[in-house]
Amino acid sequence: MSAIDTVIQDLVIANRILAKEEVADAYGHVSVRHPDNPKHFFISRSLAPELIEKGDIVELDLDGNPVRDEKRSLYLERFIHAGIFQMRPDVMAVVHAHAEDILPFGIAKATKLRPVIHSGSFIGSSVPVWDIADKFGDTNVLVTNMAQGRDLAKCLGKNNVALMRGHGFAAAARSLIEVVRMSVYLPRNARAQLRAKQLGGKIKYLSQGEIDARNRGYSPYSTETWRAWEYWANKAGCSHMLTRPEQPHEHKK
Ligand SMILES: [Zn+2]
């Protein structure tokens, strides 16, 4: 199987995982940058993530236009992905979804979403909130053009996650596995933070030192990273599609 085929297959797995883990429902999407052409990315045509197969994946440029003739409908909000890939050359994969548990943090200005559990550390210490109304006034609240996609990407800045007021979130990472993991743990972190708040008293967040320590310990090819991907893929019924990437030399001394 070619490198591109593997990437497309991994993208199908990523879609199925996000559906199974209830990060995405009929809506929500995940994309991955083309491994050989950083000016293109792969994403599904307009379809619920649970139903996506390899033939549904399309290749778009960084303005959100298909690079080949495409008669099928595309996601209205593909500009979220195009905007982030345009403005963040370091980002290889993007998720946008509407997971319910994160929504209160995009609406209530008094409480910021922050890492409170170890698996939530990867969302980073700062999670900005993007309000489409700030620049674009009354819209249908969806990101339907490049100006909006770029404005969201600007708000995301160098962070890993941005919340979108009254709508959902956008997450960006260096790999598909990483962005899926972040998107799965993001609503869990939000739930833990909300429940802790209900218990009352002061919330103890992860410290910057703890967040940094967890980031230092992260390796995209480690057994621990693969373990979660394999588990989620199996649970989503697509373990037969798994291709484990080549192990880097880090263990060969
Ligand atoms: Zn959306």
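The values are calculated or read from the model by the stated rules, or taken from the named source; none is laboratory data. This is a predicted model, so every value here is computed, not measured. Note: ideal-geometry Cβ built from the backbone for every residue, glycine included; neighbour counts use all protein chains shown. Surface areas here come from the heavy atoms of the whole protein model, side chains and all, with no ligands, DNA or RNA. Shrake-Rupley method; radii C 1.70, N 1.55, O 1.52, S 1.80 Å.
Confirm whether residue 83 is at positive phi and within 15 Å of the ligand (Cβ to nearest atom). Answer is no for this residue.
Checking each residue in segment 122-138 for being more than 16 Å from the ligand (Cβ to nearest atom), assigned to a helix (DSSP H, G or I) and either among the small types (Gly, Ala, Ser) or buried (at least 21 other Cβ atoms within 10 Å of the Cβ) (or both) picks out 122, 123. Before we move on, is residue 178 away from the ligand (no atom under 16 Å from the Cβ) and under 15 Å from the mean Cα position of the chain (by Cα)? So residue 178 passes the test.
Let's see how each residue does on (1) within 16 Å of the ligand (Cβ to nearest atom); (2) closer than 22 Å to residue 244 by Cα; (3) open to solvent by 30 Å² or more (accessible area, probe 1.4 Å):
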{"site": "4", "(1), (2), (3)": "no, yes, yes"}
{"site": "19", "(1), (2), (3)": "yes, yes, no"}
{"site": "22", "(1), (2), (3)": "yes, no, yes"}
{"site": "25", "(1), (2), (3)": "yes, no, yes"}
{"site": "29", "(1), (2), (3)": "yes, no, no"}
{"site": "38", "(1), (2), (3)": "no, no, yes"}
{"site": "43", "(1), (2), (3)": "yes, yes, no"}
{"site": "69", "(1), (2), (3)": "no, no, yes"}
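Within segment 19-73, count every residue that is assigned to a strand (DSSP E or B), of a type in the set (A, V, I, L, M, F, W, C) and free of Cβ contacts under 8 Å to residues at least 60 places away in the same chain.
6
Would you check which residues across segment 160-179 are closer than 15 Å to residue 80 by Cα and out of contact with any Leu (no Cβ under 8 Å at 6 or more places or on another chain) and list them? Of everything in segment 160-179, those that are closer than 15 Å to residue 80 by Cα and out of contact with any Leu (no Cβ under 8 Å at 6 or more places or on another chain) turn out to be 160, 165, 173, 179.
Helices (runs of 4 or more DSSP H) fully within segment 151-253 that include at least 2 residues being crowded, with 20+ Cβ neighbours inside 10 Å and of a type in the set (S, T, N, Q): 176-199.
Considering the conditions (1) modelled with pLDDT under 95; (2) buried (at least 24 other Cβ atoms within 10 Å of the Cβ), residue 119 is excluded by exactly one of them, (2). When you scan segment 45-58, do you find a residue that is within 16 Å of the ligand (Cβ to nearest atom), open to solvent by less than 10 Å² (accessible area, probe 1.4 Å) and β-branched (Val, Ile, Thr), even just one? Checked segment 45-58: no residue is within 16 Å of the ligand (Cβ to nearest atom), open to solvent by less than 10 Å² (accessible area, probe 1.4 Å) and β-branched (Val, Ile, Thr). In the set (1) open to solvent by 60 Å² or more (accessible area, probe 1.4 Å); (2) part of a loop (DSSP other than H, G, I, E, B); (3) closer than 23 Å to residue 154 by Cα, the condition left unmet by residue 86 is number (2). Name the single residue, out of those in segment 89-108 being within 13 Å of the ligand (Cβ to nearest atom) and in a loop (DSSP other than H, G, I, E, B), that is surrounded by the most Cβ atoms within 10 Å (Cβ to Cβ). Checked segment 89-108; the qualifying residue surrounded by the most Cβ atoms within 10 Å (Cβ to Cβ) is 99.
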